[in-house]
Amino acid sequence: MIYALNGTVIATPADLGQAADRLEPGTAAVLQVERNGELMFLGFRAERR
C-alpha cells in the first residue's frame with residue numbers, strides 16, 4: 001500500500017498519478033509504503049513519463 005509521495009497523502013491511484021505528474025525529471029522523491037506489515041520509505045529520482 002502506498003501512503004504518501006514526498007509527504008503528499010495518497011488515497012487513490014489517481015492521487016498517485018497527480019502527485020507523480022508534479023515531479024520534475026531528476027527530482028529526488030520518497031514514497032512511504034507498507035510492505036508485509038512494515039512501513040518503509042523508498043527513495044528514487046523522477047524520470048520523464
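Taking the conditions (1) at pLDDT below 95; (2) of a type in the set (K, R); (3) surrounded by 10 or more Cβ atoms within 10 Å (Cβ to Cβ) in turn, R49 satisfies each one other than (3).
Has segment 1-23 got any residue that is aromatic (F, W, Y) and loosely packed, with under 11 Cβ neighbours inside 10 Å? Lay out the reasoning, then the answer.
Step one: list which residues in segment 1-23 are aromatic (F, W, Y), which gives 3.
Filter once more, keeping what is loosely packed, with under 11 Cβ neighbours inside 10 Å: none.
Checking segment 1-23: not a single residue is aromatic (F, W, Y) and loosely packed, with under 11 Cβ neighbours inside 10 Å.
L39 satisfies every condition listed in (1) among the hydrophobic types (A, V, I, L, M, F, W, C); (2) out of contact with any Leu (no Cβ under 9 Å at 6 or more places or on another chain); (3) surrounded by 15 or more Cβ atoms within 10 Å (Cβ to Cβ) except (3). For segment 1-44, filtering for residues that are touching a residue at least 24 places away in the same chain (Cβ under 8 Å) and among the hydrophobic types (A, V, I, L, M, F, W, C) leaves 10.
Every test in (1) modelled with pLDDT under 95; (2) touching a helix residue (DSSP H, G or I) at 6+ places or on another chain (Cβ under 6 Å) is passed by I10 save one, and that test is (1).
The values are calculated or read from the model by the stated rules, or taken from the named source; none is laboratory data. Please read these numbers as outputs of a predicted model, since none were measured by experiment. So basically every Cβ, Gly included, is an ideal-geometry build from the backbone, and we count neighbours across all protein chains shown.
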